[in-house]
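Below: one structure, written as structure tokens.
The values are calculated or read from the model by the stated rules, or taken from the named source; none is laboratory data. Just so you know, these numbers come straight off a predicted model, no measurement behind them. All Cβ positions, glycine included, derive from the backbone under ideal geometry; neighbour counts span all protein chains shown. Areas reflect the complete protein model, heavy atoms only, side chains present, ligands, DNA and RNA absent. Shrake-Rupley method; radii C 1.70, N 1.55, O 1.52, S 1.80 Å.
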Amino acid sequence: MTSKIINYEELFKQSIERLKHEGRYRIFNDLERKAGSFPMAKSHITGKTVTIWCSNDYLGMGQHPKVISAMSEAIGRFGAGAGGTRNISGTHHTIVMLEETLAKLHQKESSLVMTSGYVTNEAALSTLCSILPNCIIFSDAYNHASMIHGMKSSKAEKHIFRHNDVAHLEELLKAADPNRPKVIAFESVYSMDGDISPIKEICDLADKYNALTYLDEVHAVGMYGEHGAGIAEREGLMHRLSIIQGTLGKAFGIMGGYIAGSNNIIDMIRSYASGFIFTTSIPPALAAGANASINHLMESDEERKRQHYNVKILKGMMKKAGIPVMPTDSHILPVLVANPVLCKKASDMLLNQFDIYVQPINYPTVPRGTERLRITPTPNHTHEMMFELTRALVWVFERLGIKPDMESLVKAA
């Protein structure tokens with residue numbers, strides 16, 4: 001029997017063409033951020049200076065003088081790399097100091113730093129839910145892909161509760177065997193809708209049904225609370241959460257992820273999590289920069305106040321102009337387009353006609369039919385920039401025939 005020759009390159013090409021046909025093919029804008037001028041950057045696609053409106057560097061800390069100085073000093077003292085995994089090469093002292101700061105920030109006994117928020121969620125949840133015998137996971141329907149992959153890797157039984165639906169969560173908890181270990185995994189700020197979870201009510205259920213809580217504060221750390229520890233700090237609930245997970249790569253402006261919890265929980269994950277044990281640690285410069293950023297934001301509320309003020313102003317401008325901003329109580333302003341092709345066209349027109357960069361958000365990041373432009377104002381955006389963005393959105397939406405669809409807005413919310 002003659003075997004068929006498989007054209008692998010053609011299969012790869014076909015998979016890409018499917019994405020393009022569906023309007024889901026992603027093009028990354030080649031940007032050159034300039035220190036001291038954020039949110040401005042040079043686009044190597046258009047050759048022009050553009051205004052960035054979709055960065056997760058929510059407070060501009062990636063270019064803060066204290067952060068740059070700390071990183072420069074660390075490279076001069078310790079060199080560029082980490083030397084390998086912490087298991088083999090040891091832990092450089094800058095990470096030790098960073099972990100002490102993170103534990104203090106979240107008022108926990110210990111913390112553990114990993115290479116990214118994604119790796120942290122995957123490693124921590126897969127380890128936690130596999131170590132607990134016969135564990136059941138209760139996961140919010142809108143949880144991030146990293147959390148989902150971590151839970152799947154654990155092979156633990158999983159139940160999904162409707163997004164932020166405490167009544168549905170209790171139904172599932174009530175039906176479960178009371179003698180089995182349980183973990184409730186959820187986020188504080190959901191990055192694509194910008195809504196906030198009912199942390200207190202979920203903690204109440206965790207107490208009632210003897211469950212651990214795992215809270216992803218990735219889009220909230222640095223942004224909320226007296227010291228920037230997140231929504232749980234703002235609500236006075238950090239002490240009620242078993243594990244708090246966060247990132248160094250968004251409001252703190254650097255790179256890396258972490259968890260904070262009790263000594264036993266952190267030591268268990270440190271000792272068992274493959275995603276931590278077998279991965280090179282973040283280098284000293286990143287740890288030093290993150291530590292400087294966190295310490296600054298623990299003391300300074302100025303960046304948060306200006307950012308929240310800008311969100312309020314821009315939201316008001318866009319609503320007044322008829323831009324379909326989805327309801328949100330956070331710093332994230334999703335503008336509903338509800339069509340992948342039009343979403344990409346709107347993004348391209350904003351870039352080419354107005355030198356405004358807003359990346360389109362399509363499936364699988366968001367459900368089909370809820371495609372959007374995700375706008376994140378920072379303290380560095382001026383009133384004039386906000387007015388120009390609003391004017392540009394009106395111009396683009398009129399030419400593409402995008403109108404506020406109240407029914408879709410309600411469904412998306």
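Note on the range 363-386: residues that are surrounded by 14 or more Cβ atoms within 10 Å (Cβ to Cβ), modelled with pLDDT of 95 or more and not charged (D, E, K, R) amount to 10. Of the residues making up the range 149-176, those that are under 26 Å from the mean Cα position of the chain (by Cα) and open to solvent by less than 50 Å² (accessible area, probe 1.4 Å) are GLY150, MET151, SER154, ALA156, PHE161, HIS163, ASN164, ASP165, VAL166, HIS168, LEU169.
Of all residue pairs spaced 6 or more apart or on separate chains, those with beta-carbon atoms under 6 Å, a first member in the range 290-315 that is under 12 Å from GLY222 (Cβ atoms) and a second member that is of a type outside the set (A, V, I, L, M, F, W, C) and assigned to a helix (DSSP H, G or I) are ILE294/THR101; HIS296/LYS66. Take the conditions (1) open to solvent by less than 80 Å² (accessible area, probe 1.4 Å); (2) more than 22 Å from GLY249 (Cα to Cα); ILE52 misses just one of them, which is (2). MET114 - would you say it is aliphatic (A, V, I, L, M), surrounded by 17 or more Cβ atoms within 10 Å (Cβ to Cβ), in contact with an Asp or Glu (Cβ under 9 Å, 6 or more places away or on another chain) and in contact (Cβ under 8 Å) with a residue 60 or more places away in the chain? For MET114, the condition - aliphatic (A, V, I, L, M), surrounded by 17 or more Cβ atoms within 10 Å (Cβ to Cβ), in contact with an Asp or Glu (Cβ under 9 Å, 6 or more places away or on another chain) and in contact (Cβ under 8 Å) with a residue 60 or more places away in the chain - is not met.
Quickly run through the range 4-36 and pick out the residues that are in a loop (DSSP other than H, G, I, E, B), among the small types (Gly, Ala, Ser) and within 30 Å of ASN339 (Cβ to Cβ). Don't jump to the end; show me each part of the working.
Residues of the range 4-36 in a loop (DSSP other than H, G, I, E, B): 4-7, 22-30, 34-36.
In the following step, the residues that additionally are among the small types (Gly, Ala, Ser) were identified as 23, 35-36.
Hit for the range 4-36 is GLY23, nothing else.
Could you tell me whether THR120 is under 25 Å from SER300 (Cα atoms), buried (at least 21 other Cβ atoms within 10 Å of the Cβ) and touching a residue at least 40 places away in the same chain (Cβ under 8 Å)? The answer is no for THR120.
Is there a residue being open to solvent by 10 Å² or more (accessible area, probe 1.4 Å), more than 21 Å from the chain's Cα centre (by Cα), closer than 14 Å to ALA123 by Cβ and of a type in the set (S, T, N, Q) anywhere in the range 249-265? No, the range 249-265 has no match at all.
Of everything in the range 37-50, what is of a type in the set (Ser, Thr, Tyr), over 19 Å from THR378 (Cα atoms) and assigned to a loop (DSSP other than H, G, I, E, B)? Give them in sequence order. Spell out how you get there, then give the answer.
Initially, the range 37-50 is screened for residues of a type in the set (Ser, Thr, Tyr), giving 37, 43, 46, 49.
Cutting the leftovers down to over 19 Å from THR378 (Cα atoms) gives us 43, 46.
Hit for the range 37-50 is THR46, nothing else.
Scanning the range 1-31 for residues that are surrounded by 10 or more Cβ atoms within 10 Å (Cβ to Cβ) and under 22 Å from the mean Cα position of the chain (by Cα) returns ARG24, TYR25, ARG26, ILE27, ASN29, ASP30, LEU31. Being among the small types (Gly, Ala, Ser) and surrounded by 20 or more Cβ atoms within 10 Å (Cβ to Cβ) is the filter; apply it to the range 129-148 and report the residue that is farthest from LEU205 (Cα to Cα). Selected residue: SER146.
Considered as a group, the residues in the range 206-228 that are open to solvent by 10 Å² or more (accessible area, probe 1.4 Å) and hydrophobic (A, V, I, L, M, F, W, C) include one that is nearest to THR370 (Cα to Cα), and that residue is VAL218. SER293 falls short of the stated requirement of being in contact with a helix residue (DSSP H, G or I) (Cβ under 6 Å, 6 or more places away or on another chain), part of a loop (DSSP other than H, G, I, E, B) and surrounded by 23 or more Cβ atoms within 10 Å (Cβ to Cβ). If you go through the range 84-111 and pick out every residue that is surrounded by 15 or more Cβ atoms within 10 Å (Cβ to Cβ), under 20 Å from LEU237 (Cα atoms) and charged (D, E, K, R), you end up with 2.
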